[in-house]
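Contents: one structure, followed by commentary.
The values are calculated or read from the model by the stated rules, or taken from the named source; none is laboratory data. Predicted model only: the values in this text are computed from it and were never measured. Every residue, glycine as well, gets a Cβ built from its backbone with ideal geometry; the counts of neighbours run over all protein chains shown. Calculation scope for accessible area: heavy atoms of the full protein, side chains included, ligands and nucleic acids excluded. Shrake-Rupley method; radii C 1.70, N 1.55, O 1.52, S 1.80 Å.
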Amino acid sequence: MTNIELVNLKKTYPGGETPVLNHLSLTIHSGEMMALLGPSGSGKSTILKLITGIETPDEGDILFDGESILPIAPNKRGAILMFQKAYLFPFLSVEDNIGFGMKVRGDNAKTIRAEVRKMLDLIGLPGFEKRKPSQLSGGEQQRVALARALVLQPRSMLLDEPLSSLDTEVRVNLQEAIRRIQRELGITTILVTHDLNEAMGMADRVALLLDGQVAAVDQPMHLYARPPTKPTSRFVGITTFLEGELKQGHLATEQGTLTVNTNRHQADSAVFAIRPEHIRVQKEPGQNSMAGLIAECIFRGDYIEYQVAVDKQTSIRARVPMPAPLIEHGQQVYICFPPEYLFEVEPN
Amino acid sequence: MKKASFIAFRVVLYAILIAPLFLFGLYAFSERWFFPAPLPTQWTASIFTRIITNSRTTAGLSASLSLALIVTVLSLIIGYPAARVLGTKVFRGRSLAWLIFFIPTVVPPLAIGMGLNILFLRLGWSGTMFGVVLAHLVPTLPYTIFTLSGVFSRFDENYELQALVLGSSRLRIFLTITLRLILPGLVVASLFAFLISWSQYLLTLLIGGGKILTIPMLLFSAVSGGNPTSIAAYSLIFVAPPVIMIAASARFLTQHGNTIREQY
């Protein structure tokens, strides 16, 4: 159980002009699984490399339980990184791969064999001791790589998109397995991913990284429903932003005035967001509604996506769960924003 | 039909490769062999045993073997860092580095030999084993560097990083992970180095100045002597180690073909 603190980290790669990490701070509680979510180039993987010691930060500090680990050599930090590929040593059997770290540590052969067997049971591959990595499927290889890291009882596990190269079915299966084992052993874990669903489904908390900084940290449900800023909202799938002047609980936008729930009474400019699945599309005008023309109507399986043109510049995207009617292009509809789902966000 | 012609092609190839060895075998063990007899009329092993137990031959064999082994080890040690950087990194002046490493393969060996000879005479390295080893490194290094850089261009450094975060020290990673991953390439590179050094005549002669007597030099003097039996015997001694090494490593390389493929 290790508490990890990233303090004011800054990192610029040689030859790079802008820093990958720009004074980033983040605390990961002990036993927690934290997902780092962000577009490529947002510095997610760099954070893991800094924690393992493969790279060193230009500024800032990394603390494990309050103590800096920067002076510790990468092979003594107890922070184990798992890559996108399993990187099992091809010339060693499954048993020797899992026991690799213990052998390095100097444990005796009997202990190693017993621990390896325990790990194989835990990852659901009992009896695989003598197999070669080339005889395993991609998912099995990742399981063995996981066991190879866990058997050392590391202070922290760092997962760098370890599942992104696998098929959907295997991936979902392994997501559950990793989550279960991580909870069972209580190892502080950081998961880097660009997959929103993976981050939401696996992590206790999600940190959204944008431009080398933490744009938001929160529990998945909260971050999904109430992202704090406009850029973070975009990242969790919100496309509708209503801007205007705030007067006594009403937002005066160019397209019309809407009732909103807010503590603020007066503001010259305010931005409100709403999730696409919370927007209603109806034939008749109602509370908080705007008239618009259907620009696009796409069937997506479990929902229908409507794009409604409110005026020349503004098009609003709504998701209505099935069953919902297909509406022809050019038809007039009313889109309704329930006030309880409209929330204010920071403009940037 | 296709298969038949393929077999015929193989037979011809083998014949071309094996025929000289076969002839050497006949000559080395014949006592009387006059035209038009298709095979020697009298056989003997005594000439061959006399040549191979001759102190000049055993000294030549040990000089050749130790020289080739030292050169092989040194060219791997020197070639490894160069090959690793050339194979894994992209940097300014990379092609210039390639060119410098490859110049020895295009410059005539005589030019290199003469130049080195003048230099080594001044430094006092002429006629010494040390000087000959250095001279042999000139033609061997391009081949070890080329072979190993090919291996490194497909090498994934994340294997080393994975071992590092699992607790290995840098030295342990190098010995147990890196060397093991590039082992097939190392075998090929050392074969090249050994063979080039083993068959080196000119540089040994120029730099060794007749003081370092290797098997190729004994073979040359036998050839100028003109006795077919001793030429054949020396030829057999000359080809034996390379043939044995290639035969052994060919088996090794085919056995490990799978691991090369699964890595990359």
Legend entry - Label point distance in nm, A:Asn348-B:Val85, each placed 7 Å from Cα along Cα→Cβ: 4.5
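Peptides A:266-273, A:13-20: what's the order by average Cβ count within 10 Å, highest mean first? Intermediate values should be presented prior to the final figure.
Details: A:266-273: 15.5, A:13-20: 11.2.
The densest-packed peptide leads the list: A:266-273, A:13-20.
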Inset, instruction - Could you tell me, in Å, what Rg and Dmax come out for the Cα atoms of the protein assembly as shown? - result: 36.3, 123
Legend entry - Listed residue pairs exceeding 29 Å between alpha carbons, taken from A:Lys130/B:Lys89; A:Lys230/B:Lys89; A:Lys44/B:Lys89; A:Lys44/A:Lys76: A:Lys130/B:Lys89; A:Lys230/B:Lys89
Inset, instruction - Let me know the Rg and Dmax you get for segment B:16-105 when you use only its Cα atoms, in Å. - result: 23.3, 68
Legend entry - Charge-dipole axis of segment A:238-344 as Lys and Arg at +1 and Asp and Glu at -1 on Cβ define it, positive-most pick from A:Leu246, A:Gln331, A:Gly301: A:Gly301
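At 1.4 Å probe size, with every protein chain present, just tell me what the per residue accessible area of segment A:4-231 comes to in Å². It would help to have the intermediate numbers written out before the result.
Working: 9710 Å² over 228 residues.
Accessible surface, normalised per residue, equals 43 Å².
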Legend entry - P(r) histogram, all alpha-carbon pairs of segment B:66-263 included - 10 Å bins from 0, percent: 8, 28, 32, 21, 9, 2, 0
Inset, instruction - Run the quick spin-label model on B:Glu31 and A:Arg117: label points 7 Å from Cα toward the beta carbon, then report their separation in nm to one decimal. - result: 7.0
Legend entry - Options B:Ala19, B:Val73, B:Val90, ranked by Cα towards positive dipole end of segment B:1-113, top entry (Cβ charges): B:Val90
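Other chains' Cβ within 10 Å of B:167-177 residues: what's the mean?
On the way: counts 16, 7, 4, 3, 0, 2, 2, 0, 0, 6, 4.
Partner-chain Cβ atoms within 10 Å, mean over residues of B:167-177: 4.
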Legend entry - Per principal axis, descending, Cα span of segment A:135-250 in whole Å: 65, 29, 25
Legend entry - Sum of side-chain charges, A:Asp211 neighbourhood, beta-carbon under 14 Å (Lys, Arg +1; Asp, Glu -1): +4
Inset, instruction - Return P(r) of segment A:4-231 (all Cα-Cα pairs; 5 Å bins starting at 0; whole %; ordered from short to long distances). - result: 1, 7, 14, 18, 19, 16, 12, 8, 4, 1, 0, 0
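For B:Ile16 and A:Tyr13, what does the FRET efficiency come to when R0 = 51 Å and r is the distance between their Cβ atoms, rounded to the nearest 0.05? Write down the numbers at each step before the final one.
Working: r = 56 Å, r/R0 = 1.10.
Computed FRET efficiency for B:Ile16 and A:Tyr13: 0.35.
For peptide A:81-93, how many partner chain Cβ atoms fall within 10 Å of a residue's Cβ, on average? Show your work: numbers first, answer last.
Values: counts 6, 2, 6, 1, 4, 1, 8, 3, 9, 10, 9, 3, 0.
Per residue, the average neighbour count from other chains is 5.
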Legend entry - Label-point gap, in nm, between B:Leu202 and B:Ala59 - each point 7 angstrom along Cα→Cβ: 2.7
Inset, instruction - Go ahead and set up a Gaussian network model of chain A, Cα springs under 10 Å, then flag whichever of A:Asp204, A:Asp65, A:Asp167 fluctuates most. - result: A:Asp167
Inset, instruction - Quick one: check the C-alpha center-to-center distance for segment B:217-239 versus segment A:185-256, whole angstrom. - result: 84
Inset, instruction - Just read off the accessible area of A:His329 with the full protein assembly in place, 1.4 Å probe, to the nearest 10 Å². - result: 140
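Please go through segment A:98-179 and write out the trypsin sites (Lys or Arg not before Pro) that DSSP classes as loop and that have at most 12 other C-beta atoms within 10 Å.
Details: sites: A:Lys103, A:Arg105, A:Lys110, A:Arg113, A:Arg117, A:Lys118, A:Lys130, A:Arg131, A:Arg143, A:Arg148, A:Arg155, A:Arg171, A:Arg179; in loops: A:Lys130, A:Arg131, A:Arg155.
When the trypsin sites (Lys or Arg not before Pro) of segment A:98-179 are filtered for loop state and at most 12 Cβ neighbours within 10 Å, A:Lys130 remain.
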Legend entry - Average Cα contact separation per residue, chain B, under 8 Å, 6 or more apart, as relative contact order %: 29
Legend entry - Average beta carbon contacts from partner chains per residue of A:102-111, 10 Å cutoff: 2
Legend entry - Environment charge at A:Asn261 (Cβ cut-off 10 Å; Lys +1, Arg +1, Asp -1, Glu -1): -2
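Once B and A are treated as a pair rather than alone, how much accessible area drops out, both sides summed, in Å² to 100, probe 1.4 Å?
The B and A chains share an interface burying roughly 2100 Å².
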Legend entry - Environment charge at A:Leu122 (Cβ cut-off 11 Å; Lys +1, Arg +1, Asp -1, Glu -1): +1
Inset, instruction - Show me A:330-339, B:203-212 ranked by packing, highest mean number of other Cβ atoms within 10 Å first. - result: B:203-212, A:330-339
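About the Cα centre of segment B:66-263, what is the dipole size in debye to 20, counting +1 per Lys and Arg Cβ and -1 per Asp and Glu Cβ, all else neutral? Display every interim value, and only then the final one.
Values: 12 positive and 4 negative charges, 61 e Å.
Around 300 debye, computed over segment B:66-263.
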Inset, instruction - For chain A, with a Gaussian network of springs between Cα atoms less than 10 Å apart, report the residue from A:Thr188, A:Thr240, A:Thr257 with the top mean-square fluctuation. - result: A:Thr257
Inset, instruction - Note the angle between two axes, namely the Cα long axis of helix B:129-153 and the longest principal axis of the Cα atoms of chain B, as a number of degrees from 0 to 90, rounded to the nearest 10. - result: 50
Legend entry - Cβ-Cβ FRET estimate between A:Arg105 and A:Gln219, R0 fixed at 41 Å, reported to 0.05: 0.70
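With contacts defined as alpha carbon pairs under 8 Å and 6 or more residues apart, what's the relative contact order of chain A in percent? Walk me through the intermediate numbers first.
Details: 744 pairs, mean separation 55.9, N = 348.
Dividing the mean separation by the residue count of chain A yields 16 percent.
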Inset, instruction - With the full set of protein chains in place, find how many percent of the accessible area of chain B is carbon and sulfur; take the probe as 1.4 Å. - result: 73
Legend entry - Rounded to 10°, Cα long-axis angle of helix B:2-28 versus longest principal axis of chain B: 60
